[in-house]
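Note sheet for the following structure.
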Amino acid sequence: MPKKHQPFKFETRALQSTKNIINEVHAISPPIYLSSTFIRTKEGKYQDGYKYSRNDNPNRKALEKSISKLENGTTGFAFGSGMSAISAVFQSLKTGDHVILPDDVYFNLKLLIKDIFNRWGLSFSFVNMSDIEAVSHALTRHTRLIWIETPSNPQLKISNIPGICELAHAHQILIAVDNTWPTPVLQNPLDLGADIVVHSSTKYLGGHSDVLGGCVVLKESGSLAHRIRSIQVQMGAIPSPFDCWLVSRGIQTLHLRITKQTENAQKLAEWLDGQPRVNRVLYPGLKDHPDHAIAAQQMIGGFGGMLSLLIDGDEIKTRAVANKLQLFTQATSLGGIESLVEHRKSVEGSESQTPNNLLRLSLGIEHVEDLIVDWEQALR
């Protein structure tokens with residue numbers, strides 16, 4: 001019998017997935033369709049299915065197909081930012097619905113809930129998402145969604161995706177996972193039981209700190225897909241064709257970048273661990289991380305390019321260390337090719353649960369030995 005064709009590896013699929021775009025001149029690099037509107041025939045029909053770029057655009061469609069394939073989903077939606085992608089998921093709920101989130105949820109999402117969604121008649125519970133029993137105790141008869149961020153930002157806690165999915169689906173509750181940090185290179189939430197995956201494509205998918213974007217990928221098409229699509233189109237929460245092109249370009253090198261960034265993070269975390277001026281390194285790739293075993297089961301090929309550390313000292317001493325770094329730029333965001341450092345408490349504000357002595361690192365693609373030398377001098 002002939003051999004059955006084996007699926008391509010991730011890096012091959014990433015390149016192939018970005019070629020699904022209308023290309024009349026057969027260029028290697030796909031064109032950017034900046035047109036806001038498209039020509040109708042004399043009979044009033046739209047050619048190739050495009051009529052107005054808020055509804056659809058070749059570059060957006062190509063990106064949506066690409067990220068859907070890489071996350072092993074059925075339907076993908078591209079948005080103008082990660083926050084607009086998150087908002088679309090919450091807007092798909094109805095008044096009276098209850099949502100369970102991590103107690104260390106991304107601080108901008110907590111602000112979104114406080115300023116916007118609390119007024120929409122949704123209710124929320126914040127729990128330790130690393131404790132399945134705590135999640136179970138938070139369930140109510142109105143719970144419709146459990147929101148997971150793993151690893152969490154910025155304390156890198158791990159949630160047991162399959163375990164929480166089993167609990168949720170026994171009660172017909174949807175699971176959404178923010179997969180921005182690990183990306184589909186390292187973690188596949190839909191394969192682990194989740195229903196929804198969300199990305200800030202500003203981060204690793206784009207990968208070059210030059211684009212804003214977000215994505216939602218669904219395991220199944222159906223009524224939820226229809227609601228997300230309606231929110232995307234009717235509210236105009238869309239990325240530009242150029243932004244879609246930039247993210248698609250970034251996806252082509254995603255595997256290469258993530259592999260290098262993960263390798264750098266692991267080596268730097270191991271070096272920082274035990275340094276006298278470092279109280280603790282927060283990285284699931286370290287064996288003394290409380291959830292290392294769970295992370296090792298649900299993450300493939302490494303533990304990501306992000307880590308945080310607690311400096312031995314107060315906020316002033318912690319920020320002084322960041323100020324001494326030469327190869328780590330102090331900036332918000334993450335996932336680009338350059339290494340970044342940030343004192344998160346000063347960004348998140350007084351209501352933040354982040355410790356005053358925490359620095360969050362986004363590892364770039366520099367040589368790790370140079371990064372270690374930089375930290376060596378900063379900690380003196």
> Which residue out of 209, 201, 248 is in contact with a helix residue (DSSP H, G or I) (Cβ under 8 Å, 6 or more places away or on another chain), among the polar types (S, T, N, Q) and under 20 Å from residue 304 (Cα atoms)?
Replying inline: 201
>> Among the residues of region 260-287, what is the count of those that are among the polar types (S, T, N, Q), crowded, with 18+ Cβ neighbours inside 10 Å and touching a residue at least 60 places away in the same chain (Cβ under 8 Å)?
In response: 3
> Assuming residue 316 fulfils every condition listed in (1) out of contact with any strand residue (DSSP E or B) (no Cβ under 9 Å at 6 or more places or on another chain); (2) touching a residue at least 24 places away in the same chain (Cβ under 8 Å) apart from one, which condition is it?
Replying inline: (2)
> Counting only residues that are touching a Ser or Thr at 6+ places or on another chain (Cβ under 7 Å) and outside any loop (DSSP other than H, G, I, E, B), which one in region 38-58 is farthest from residue 252 (Cα to Cα)?
Replying inline: 47
>> Restricting to region 291-344, name every residue that is surrounded by 15 or more Cβ atoms within 10 Å (Cβ to Cβ) and among the polar types (S, T, N, Q).
In response: 298, 308, 318, 329, 339
> without any contact (Cβ under 8 Å) to a residue 60 or more places away in the chain, in a loop (DSSP other than H, G, I, E, B) and over 21 Å from the mean Cα position of the chain (by Cα): does that describe residue 326?
Replying inline: yes
> Is it true that residue 85 is of a type outside the set (S, T, N, Q) and either within 20 Å of residue 183 (Cβ to Cβ) or assigned to a helix (DSSP H, G or I) (or both)?
Replying inline: yes
>> Checking residue 374 against (1) acidic (Asp, Glu); (2) crowded, with 16+ Cβ neighbours inside 10 Å; (3) closer than 18 Å to residue 151 by Cα; (4) over 21 Å from the mean Cα position of the chain (by Cα), only one condition comes out false. Which one?
In response: (3)
> Here are some residues: 101, 111, 122. Which one is crowded, with 22+ Cβ neighbours inside 10 Å, in the same structural domain as residue 166 (by TED's automatic domain parsing) and within 30 Å of residue 247 (Cβ to Cβ)?
Replying inline: 101
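The values are calculated or read from the model by the stated rules, or taken from the named source; none is laboratory data. Bear in mind that the values here come from a model prediction, so they are computed numbers and not experimental data. With ideal geometry, Cβ positions are generated from the backbone for all residues, glycine too; neighbour counts draw on all protein chains shown.
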